[in-house]
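> Attaching a single structure in structure tokens format; questions to follow.
The values are calculated or read from the model by the stated rules, or taken from the named source; none is laboratory data. This structure is a prediction, so every number in the text was calculated from the model and none was measured. Here Cβ is always computed from backbone atoms with ideal geometry, including for glycine, and neighbour counts include all displayed protein chains.
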Ligand SMILES: C[S@@+](CC[C@H](N)C(=O)[O-])C[C@H]1O[C@@H](n2cnc3c(N)ncnc32)[C@H](O)[C@@H]1O
């Protein structure tokens, strides 16, 4: 069996959501896109993840739990010493771990982001209704939030990630625990429109400021949602009361992928002009090194290196440091 056989087959076997009311037209369009994306999993730089994942032994317990914000797969003692070595190697090869915390059979993976803090804010401030809903998590990364949703009993949670390396985190998780409510798709934010009016609830967190065309992406989100469906949006922005966006030069926080950073008033206008109503801003928070920091599971620099050491309200480039804005809206009917 070649890698592409294995992983594209596993990926393509994943049902699209027809059993949850997805239209036949949407299913055809989504299947076409999947056929295009599946071969990406066999790119040469993905092969070591394929080899690692194939060597993993599924643990006896197949357990999953959330414990004080840590997503736990399996338990200590589930795997023998040799299998633990293979597991540790597979986890280490997946560095840098951006979202977490996770624990696999007793191995703590302390990721760069304390994603549990963001999730707690979302659940306390926005309180989205998850039970029985068809949900998309756009840019789901290693699916941390997807697993956090399970305790609220969703009907379906589709994690969308166009970056194929995240398929391997998904695969790793499914070696420990399988749940038919969870789906993973190699799709990006703009592909959500292909679902047609479908999702009841969409999470779009940490994505909008990375989009060159944020209004188009918001319109595509709206197109994938049913009228009245709920959007939970968390984005980096700038502090202040004006209806302004910062559009930085080629680097912001040392990276080229930052485009429009709205103040909250501008974010409201962006949502209003892209097909949303009942727009609410629930909170605006500075980013701290408690929430984003370098750990043993991260090979790159982190927040502390991106802010001016003498003035943490500025980036190293001299721009205002970002805040995180928590918003919600409904798709206009
Ligand atoms: C800053 S992370 C946010 C992850 C997570 N949603 C969170 O809030 O913690 C951005 C994520 O978007 C993913 N991504 C990249 N291009 C994307 C696209 N076109 N559509 C959706 N997500 C994308 C990245 O791979 C990455 O996992």
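> Restricting to the range 213-225, give me the number of residues that are away from the ligand (no atom under 12 Å from the Cβ), within 30 Å of residue 253 (Cα to Cα) and without any contact (Cβ under 8 Å) to a residue 60 or more places away in the chain.
The qualifying residues number 3.
> Right, something else. Among the residues of the range 44-64, how many are over 22 Å from the mean Cα position of the chain (by Cα) and not in a helix (DSSP H, G or I)?
Residues in the range 44-64 being over 22 Å from the mean Cα position of the chain (by Cα) and not in a helix (DSSP H, G or I): 8 in total.
> Okay, moving on. Read through the list (1) surrounded by 14 or more Cβ atoms within 10 Å (Cβ to Cβ); (2) closer than 27 Å to residue 230 by Cβ; (3) in contact (Cβ under 8 Å) with a residue 60 or more places away in the chain, then give the number of the only condition that residue 38 fails.
The number of the failed condition is (2).
> Still on this model: List, please: which pairs have Cβ atoms under 8 Å, are six or more places apart or on different chains, and start with a residue in the range 189-212 that is farther than 20 Å from residue 30 by Cβ and end with one that is more than 14 Å from the ligand (Cβ to nearest atom) and part of a loop (DSSP other than H, G, I, E, B)?
Once the first residue is farther than 20 Å from residue 30 by Cβ and sits in the range 189-212, its partners that are more than 14 Å from the ligand (Cβ to nearest atom) and part of a loop (DSSP other than H, G, I, E, B) give 208/260; 209/260; 211/260.
> Considering only the range 133-165, state which residues are in contact (Cβ under 8 Å) with a residue 24 or more places away in the chain, more than 16 Å from the ligand (Cβ to nearest atom) and part of a loop (DSSP other than H, G, I, E, B).
If the condition is that a residue be in contact (Cβ under 8 Å) with a residue 24 or more places away in the chain, more than 16 Å from the ligand (Cβ to nearest atom) and part of a loop (DSSP other than H, G, I, E, B), then 133, 154, 155 are the ones that fit.
> Answer yes or no: is there a residue in the range 183-192 that is in a helix (DSSP H, G or I), more than 10 Å from the ligand (Cβ to nearest atom) and either touching a helix residue (DSSP H, G or I) at 6+ places or on another chain (Cβ under 6 Å) or on the phi < 0 side of the Ramachandran plot (or both).
no
> Which condition number does residue 319 fail, the rest of (1) in contact (Cβ under 8 Å) with a residue 24 or more places away in the chain; (2) closer than 28 Å to residue 220 by Cα being met?
(2)
> Sticking with this structure for a sec: Can you tell me which residues in the range 166-179 are in a loop (DSSP other than H, G, I, E, B) and either near the ligand (Cβ under 9 Å from one of its atoms) or under 17 Å from residue 56 (Cα atoms) (or both)?
The answer is 177, 178.
> If I filter the range 226-246 down to residues being part of a loop (DSSP other than H, G, I, E, B) and on the phi < 0 side of the Ramachandran plot, which single residue comes out as surrounded by the fewest Cβ atoms within 10 Å (Cβ to Cβ)?
241
> Output the residues belonging to the range 101-138 that are surrounded by 20 or more Cβ atoms within 10 Å (Cβ to Cβ) and on the phi > 0 side of the Ramachandran plot.
105, the sole residue that qualifies.
> Within the range 91-129, how many residues turn out to be touching a residue at least 24 places away in the same chain (Cβ under 8 Å), within 30 Å of residue 56 (Cβ to Cβ) and either part of a strand (DSSP E or B) or within 16 Å of the ligand (Cβ to nearest atom) (or both)?
23
> Go through the range 65-89 and give me each residue that's assigned to a loop (DSSP other than H, G, I, E, B), modelled with pLDDT under 95 and within 24 Å of residue 113 (Cβ to Cβ).
Across the range 65-89, the qualifying residue is only 74.
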